1. Mind checking the full-extension length gain between residue 71 and residue 19? Use 0.36 nm per residue of separation minus the Cα-Cα distance, one decimal, nm.
2. Taking the Cα atoms of segment 47-147 alone, what are Rg (to one decimal) and Dmax (as a whole number) in Å?
3. Calculate how steeply helix 75-87 sits against the longest principal axis of the alpha-carbon atoms of the chain, using the helix alpha-carbon long axis, and give the answer as 0 to 90 degrees to the nearest 10.
4. Taking the Cα atoms only, what angle lies between the long axis of helix 3-16 and the longest principal axis of the chain, rounded to 10 degrees?
5. Rounded to the nearest 500, what is the 222 nm mean residue ellipticity of the chain from helices alone, with -39500 (n - 2.57) per DSSP H run of 4+ residues and division by all residues?
6. Helix 124-147 versus the longest principal axis of the chain: what angle, 0 to 90°, nearest 10, using Cα atoms?
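Where a number appears in this text, it was derived from the coordinates with a stated rule and is not lab data. Values in this document were obtained by computation on a predicted structure and should not be read as measured data.
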């Protein structure tokens, strides 16, 4: 029986109510994975491999905030969000890390604007220095924790996402 015929048979079974949508999807994936045409569904990670990949990408996500120091200035703001959005469906554990990093990025931008305004009354200068120190230390701490499998919420962060 060809792949097309098997898929048609599965569709008929689903339409008649003999199998539900979940069973149809599983059977369809099995047929496509065993296809002689060479097509196979992307591999699904499980267990230890998923955990290792999540830890690795979470650390990369947090450390990508430094891309702005070495590449394009805006890259440090955009890179963590892009990594989060691209990988969150493949690695569900990455979602919380992306949310924490995004909230920190937005919060630090707000703190930077406030500190910039407060430079007029001198207090803004030490605030900017403290913000720069936090901007260096927090992503490093978050990356180390993420690599150890822990989720670390950045201090002083306003929850937006």
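1. That pair, residue 71 and residue 19, stretches by 13.4 nm at full extension.
2. 15.1, 55
3. 20 degrees
4. Value to nearest ten degrees: 90.
5. -22500 deg cm²/dmol
6. Rounded to the nearest ten degrees, it is 30.
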